[in-house]
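Here's the structure, in structure tokens; my notes come after.
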Amino acid sequence: MIFIHCRQAVDFVSKREELKLSRKEVIQLKLHLFICAGCRRFAKQNAYVLRAMKRYGEKGDDGKRLTEGDKEGIVKGMME
Amino acid sequence: MEETVKSQAEASQWVYDYSDMLYRYALQRVRSAETAKDLVQDTFLSAWRNYEGYRGEASVKSWLFVILKRKLIDYYRRVAGTVTEALDVDDAGEARFFNRSDHWLRSALPAVWREDEESSLEKSEFYAVLDGCKRKLKEVQSAVFTMKYMEDLDSDEICKVLDLSPSNYWVLLHRAKVQLRACLEMNWFMR
């Protein structure tokens with residue numbers, strides 16, 4: 001079967017990121033993406049989400065802080 | 001006596017200088033603020049107890065981060081320990097996105113996003129939504145996803161560290177991706 005359904009295409013998109021697709025699956029996915037705008041959007045948006053997440057992990061100060069009480073508790077724990 | 005006073009001053013200095021930094025790092029990577037706080041506390045305790053082991057080879061900051069990262073791995077491992085059975089891609093996790101003939105449900109079909117993708121990356125509100133979406137994942141999905149895409153670890157290594165079968169790993173990671181995209185679409189790009 002050269003044609004795959006959306007559910008499988010989405011699965012293949014994930015696997016493609018890890019280069020885990022066989023040559024046959026690569027062709028199946030390409031063909032599916034050629035004819036399916038929804039899955040094309042999924043593939044593009046999914047890549048974007050992963051990029052955004054990486055960036056989020058590298059981001060610096062977002063203003064979140066421990067309270068003074070928490071900090072005092074940590075110091076106290078260290079002194080015990 | 002003087003020794004103790006000096007130590008406490010140093011401990012306070014460490015906590016004052018680095019705890020918020022470590023806390024933010026942990027908070028992005030675990031489910032609850034409480035867990036993040038505990039990990040930071042454990043990090044300082046370990047560091048303090050092994051003070052002898054630290055000989056100023058690295059900066060205090062990078063030494064603390066090394067310890068925190070080790071604590072995080074322990075946390076991921078604990079969370080992954082809850083997965084004891086084989087997961088099935090066709091389980092309910094994804095069923096709400098596809099119909100019986102494996103096409104997108106109308107409600108789940110990826111939309112043409114209204115909000116600009118690149119400029120979103122510059123907005124702190126966007127990251128707040130992203131963070132919220134990540135927190136909606138199951139804890140174990142979030143752990144796998146974090147290791148892969150925030151810590152940038154290799155898949156084989158993640159399976160090994162978490163003692164997950166490759167197929168369970170794939171199911172968890174895949175579900176996390178599908179859900180994150182859908183959540184961002186709903187709460188940011190098409191809100």
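Of note:
- The residue list B:SER124, B:SER120, B:SER101 contains one member that is at the interface with chain A (Cβ under 8 Å from one of its Cβ atoms), of a type in the set (Gly, Ala, Ser) and surrounded by 19 or more Cβ atoms within 10 Å (Cβ to Cβ), which is B:SER120.
- Residue check, B:VAL161 assigned to a helix (DSSP H, G or I) and within 24 Å of B:LEU27 (Cβ to Cβ): yes
- Count - residues of the stretch A:17-55 that are over 19 Å from B:PRO110 (Cα atoms), over 12 Å from the mean Cα position of the chain (by Cα) and part of a helix (DSSP H, G or I): 6
- Taking the criterion of being under 15 Å from the mean Cα position of the chain (by Cα) and closer than 15 Å to B:LEU87 by Cα, the residues of the stretch B:163-191 that qualify are B:LEU172, B:LEU173, B:ALA176.
- Condition met for B:VAL129 (out of contact with any Asp or Glu (no Cβ under 8 Å at 6 or more places or on another chain), farther than 21 Å from A:ALA52 by Cβ and either in a helix (DSSP H, G or I) or assigned by TED's automatic domain parsing to the domain that holds B:TYR75 (or both)): no
- Condition check for B:LEU162: in contact (Cβ under 8 Å) with a residue 60 or more places away in the chain and aliphatic (A, V, I, L, M): yes
- For the stretch A:1-24, the candidate set comprises residues that are within 8 Å of chain B (Cβ to nearest Cβ) and farther than 14 Å from B:HIS103 by Cα; within that set, the residue that is surrounded by the most Cβ atoms within 10 Å (Cβ to Cβ) is A:SER14.
- Some residue of the stretch B:69-91 being within 12 Å of chain A (Cβ to nearest Cβ) and under 19 Å from A:TYR48 (Cβ atoms): no
- Boolean, B:LEU162 is of a type outside the set (Lys, Arg) and either surrounded by fewer than 19 Cβ atoms within 10 Å (Cβ to Cβ) or within 12 Å of chain A (Cβ to nearest Cβ) (or both): no
- The lone exception for B:ILE73 - which of (1) modelled with pLDDT of 90 or more; (2) surrounded by fewer than 20 Cβ atoms within 10 Å (Cβ to Cβ); (3) assigned by TED's automatic domain parsing to the domain that holds B:GLU185 it fails: (3)
- The stretch A:25-80, residues that are more than 8 Å from chain B (Cβ to nearest Cβ) and either at positive phi or in contact with a Phe, Trp or Tyr (Cβ under 8 Å, 6 or more places away or on another chain) (or both): A:GLU25, A:GLN28, A:LEU29, A:LEU31, A:HIS32, A:GLY63
- Filter result (without any contact (Cβ under 8 Å) to a residue 40 or more places away in the chain and either charged (D, E, K, R) or more than 9 Å from chain A (Cβ to nearest Cβ) (or both)) within the stretch B:104-116: B:LEU105, B:ARG106, B:SER107, B:ASP116
The values are calculated or read from the model by the stated rules, or taken from the named source; none is laboratory data. Everything numeric here is computed off the predicted structure, so don't read it as measured data. Here the Cβ is made from the backbone with ideal geometry for all residues, glycine too, and neighbour counts use every protein chain on show.
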